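Have a look at the structure below, then the notes.
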Ligand code: F6P
């Protein structure tokens, strides 16, 4: 990938000038001038996802300059490099091939000299065979009972993606109950183990490295719990109840899980991009293999869209550029994600890792500190709940917050009147944010008070940007497409902003310190080896802890 600092491009300089010209133009005025902008700022992805980005503070010229920025930063060749398996994860010397995981053609794709496609397809077959036996009740527990509960033990990418998909597609679930344990906080695993029976529970330990403290500690705890509850300390019996997904086969076997129970994770798949692999076993067990294939197909179709379409018609590229525009010209700090879908409650949490672990970087690809913004803070929660909590600030606060509103046009349930009302709120919010209030709205309220004074407090200025993302229907295909859309948006931003999106060195120091501090917390003497604040907190915990 080329190392072009975006701020040195012609496009960036022109965007700076252009920003001065249009920064004070109200969204309302953009519409007054070009009422048809809703047509040019609307894209249809295979009748599965519709995107309206007309309620943004930009015009055609902004978009053209942003497309020029893509050209000057060689986005096209970076896209090709990723899809071809080039080692674009430079600091870890790895290919980035999550796109290959959803590619079911036989066209070879190489990481180094290795054609990864046969490996992916073989593993997919294993996933199918295994999940079919569990779902159909052919796989038995140690007392010959059918499996009823699945406990996924993993954290970060080994948890957030699968959990989000399982929850989002609740309406497609079969009889198996899926639980997720991630936190090292004992109350997490306790609350799950309290609900399950060892005779009918299957644990899936998911860890790329098999080195992550939280996952290993929880997995060991689950194993001990299993031995204690069954009163059988037998490794053969354990094999009926413990499965693993890992790249580290040796460590997984020494944990006690036999080779035939281990599904493969590869170094060319990043944790936060891995739900398409065996990391998604909990998804397959919950929805069945065919639905998992639809999820993969949805993502594959978005991959094809991203790979082939010119930037003007490329949805991930457009959304990435809009985000760069706000972050680096309007100086915004955050982006909000509002799924108007209760089942998508975990979507913002999933995106937090995907976006912030990928692009939360301040060193460019040449090893120099950047002088531009690389990553927004991602936050959000399902509508309409947010409307009664923090939307006040979106409408009248001092901070500009670009938002993505997501809704399914047809619900999975039959409470159509609920859905009509939900949709009305979704549309109302994007309209209120963009256009603000008008005098009619003000007149109908508090008409017998001092109108001019109240006017100041009641009026909403609008001019708050949002994208409306409408799924025709929330199903495995459209969800797969939506996730892939955001994955590619992240990639585009990393390329243009000249950072490495696929490593995560920033998380390592905390892990190291925690293991050092663990030794101090559990030793009998007080510590003086850190800064005074840290020493004091460690010693306070030791002194006050009830044993
Ligand atoms: O610490 C961050 C991280 O490495 C994430 O990138 C990853 O998804 C998570 O930990 C879990 O890692 P593993 O799958 O190796 O247990």
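The values are calculated or read from the model by the stated rules, or taken from the named source; none is laboratory data. The shown structure was predicted, so the numbers you read here are calculated from the model rather than taken from an experiment. Positions of Cβ are generated from backbone atoms using ideal geometry, with glycine treated the same way; all protein chains shown enter the neighbour counts.
Just a few scattered comments:
- Scope region 222-254; condition within 30 Å of residue 503 (Cβ to Cβ) and surrounded by fewer than 19 Cβ atoms within 10 Å (Cβ to Cβ); matching residues: 247, 248, 249, 250, 251, 253, 254
Listed here are the residues, each with its yes/no results for (1) in contact with a helix residue (DSSP H, G or I) (Cβ under 6 Å, 6 or more places away or on another chain); (2) assigned to a loop (DSSP other than H, G, I, E, B); (3) not assigned by TED's automatic domain parsing to the domain that holds residue 435.
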{"site": "19", "(1), (2), (3)": "yes, no, no"}
{"site": "35", "(1), (2), (3)": "no, yes, no"}
{"site": "44", "(1), (2), (3)": "no, no, no"}
{"site": "55", "(1), (2), (3)": "yes, yes, no"}
{"site": "66", "(1), (2), (3)": "yes, no, no"}
{"site": "79", "(1), (2), (3)": "no, no, yes"}
{"site": "87", "(1), (2), (3)": "no, yes, yes"}
{"site": "91", "(1), (2), (3)": "no, no, yes"}
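- Residues of region 93-122 that are farther than 22 Å from residue 481 by Cβ, assigned to a helix (DSSP H, G or I) and without any contact (Cβ under 8 Å) to a residue 24 or more places away in the chain: 118, 122.
- Some residue of region 459-479 being farther than 29 Å from residue 293 by Cα and either within 16 Å of the ligand (Cβ to nearest atom) or not in a loop (DSSP other than H, G, I, E, B) (or both): yes
- Qualifying residue in region 103-116 (condition: within 27 Å of residue 366 (Cα to Cα) and either crowded, with 18+ Cβ neighbours inside 10 Å or in contact with a helix residue (DSSP H, G or I) (Cβ under 7 Å, 6 or more places away or on another chain) (or both)): yes
- Top-ranked residue in region 255-273 [being in a helix (DSSP H, G or I) and surrounded by fewer than 16 Cβ atoms within 10 Å (Cβ to Cβ); ranked as farthest from the ligand (Cβ to nearest atom)]: 260
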